[in-house]
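First the structure, in the form of structure tokens, and then the observations on it.
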Amino acid sequence: MSKLYSVELPVSVETQAPTEAQIIEGLTQVLVKVSGKRSLSTHPVIRQQLLTPATFLQQFSFASQGSGAEKATTLLLDYNSAAVDHLITQTGVKPLGIQRPTLLVWLVSDLAGYQDFSTVDSDEMKVLTAAAKGRGLPVQLPLLDLADQTAIQVSDVWGLFEDAVQTSSQRYRPDAVLAARLQRSTSGIAQLEGILLKDNQIERVSYSGSVDEVLTQVVDTVADQLFHPVVSHDLSYFQSGIAINVSNIHSLRDYIQLTEFLTSLPIVSTIKPERVANGDVTLRLELDGSEQQLQQAIGVEPRLQARDQQLNSNGIKTLNYYWQG
């Protein structure tokens, strides 16, 4: 995958600089592509950093095509890859990188009035590939050449015949295969039925709605399954370790300096963010030592001023500090 840290947004006119809303929208899309998790933007660390999104923007430009009423303007946003990767890792998720599982798609539709393979130029395939691009999911489309025509028929995909799909897909060597039929009822509702072949397992999928909705839903389902083994998020740290609350954290620079200092302490084995809100950051630390040793190690850092300790409703202690970076 390329351009994982870049997005293109349609705009009505060129301006001197992108708006904060546009930068947030672009950064949210980049986080999904790089992390492989659509829900990442709900994480408290991400929500906090979306308040100052410009710190992640590396450069921007505008591009226009056509003229007059046909003129289309696009805003190109490029984000700092190191900053984005660091932000994602603070949520406990490992960025996927550029080498990703590849999905081969056999799609047959009757949107043109008859059953036929959807080609790269068809409207429905453009929607599917755009959705895959938004998830950072590499998609292969069959050549539909003589070899494919010999190996598989439209009726094979329409009937979701597994053997024909598996045999015809072997030449492409994909990591997973999606075979689906897309049909539209007289009321205009689209119905997508398909099979997902991966690791010698078969899963059936079914969606109804608009054409755009069902194609986006199936891409999300496949992406979640292919990416899950890599980005699975262990939430057990919310139940263990020492909780440290640090106030007066108002920028990504403060957050990075704080976490880099704590990571540098030999006694700290793991740091996970638990809560970020209104300048307060709560981190959960797993230790290779005692709580007293941790307090002694933090005590030599002049940027962290100790505050009174607190107990939550469960009687668990939280160490409180004030950041003076």
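The values are calculated or read from the model by the stated rules, or taken from the named source; none is laboratory data. Worth saying up front: this structure is predicted, and the values here are computed from it rather than measured. Ideal geometry is used to build each Cβ from the backbone, glycine not excepted, and the neighbour counts take in all protein chains shown. Just so you know, the surface numbers come from the protein's heavy atoms only, side chains and all, with ligands and any DNA or RNA stripped out. Shrake-Rupley method; radii C 1.70, N 1.55, O 1.52, S 1.80 Å.
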Of all DSSP beta bridges with both partners in the chain, the antiparallel percent, nearest 5, is 80
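How would segment 1-134 be classified by its alpha-carbon gyration tensor: rounded, prolate or oblate, with rounded meaning a/c under 1.5 and the a/b versus b/c comparison settling the rest? Please list the in-between numbers first.
Numbers: a/c = 2.54, a/b = 1.29, b/c = 1.97.
Verdict is oblate for segment 1-134.
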Report which label in (i) 21.8; (ii) 18.6; (iii) 16.3 holds the value of mean projected area of the Cα convex hull in nm² derived from the coordinates of this structure.
(i)
What does the charge count around G136 come to, taking other residues whose C-beta lies under 9 Å from its C-beta (Lys +1, Arg +1, Asp -1, Glu -1)?
+4
Proximal charge balance of V246 [Cβ under 12 Å; K/R count +1, D/E count -1]
-1
Cα centroid separation, segment 134-151 to segment 35-91 (Å):
30
Coil-residue trypsin sites (Lys or Arg not before Pro) of segment 1-85, DSSP, other Cβ within 10 Å capped at 14
K3, K71
FRET efficiency, 1/(1 + (r/R0)^6) with R0 25 Å, evaluated for S269 and V300 via beta carbons
0.85
With labels modelled as points extended 7 Å from the Cα through the Cβ direction, what inter-label distance (nm, one decimal) is found for D212 paired with Q324?
5.4
Crossing angle, helix 211-231 versus the chain [Cα axis fit, 0-90 degrees, rounded to tens]
50
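May I ask you to derive the relative contact order of segment 96-170, considering only C-alpha pairs under 8 Å and at least 6 residues apart, and to give it as an integer percent? Kindly include the intermediate steps, with their values, before the conclusion.
Values: 63 pairs, mean separation 24.5, N = 75.
After rounding, I find 33 percent.
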For segment 101-118 and segment 235-307, compute the distance between their C-alpha centroids and round to whole Å.
51
Pull out a ≥ b ≥ c, the square roots of the eigenvalues of the alpha-carbon gyration tensor of segment 86-206, then state rounded if a/c is under 1.5, prolate if not and a/b is larger than b/c, and oblate in the remaining case.
prolate
In Å², rounded to a whole number, the accessible area per residue of segment 1-43 with probe 1.4 Å is 53
At a 1.4 Å probe, what is the % contribution of carbon and sulfur to the accessible area of the chain?
48
Surrounding charge for G194, neighbours by C-beta under 14 angstrom, Lys/Arg +1, Asp/Glu -1, total -3
Averaged per residue, what accessible surface does segment 70-195 expose to a 1.4 Å probe, in Å²?
47
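Can you tell me the relative contact order of the chain? Whole percent, Cα pairs under 8 Å, sequence separation 6 or more.
15
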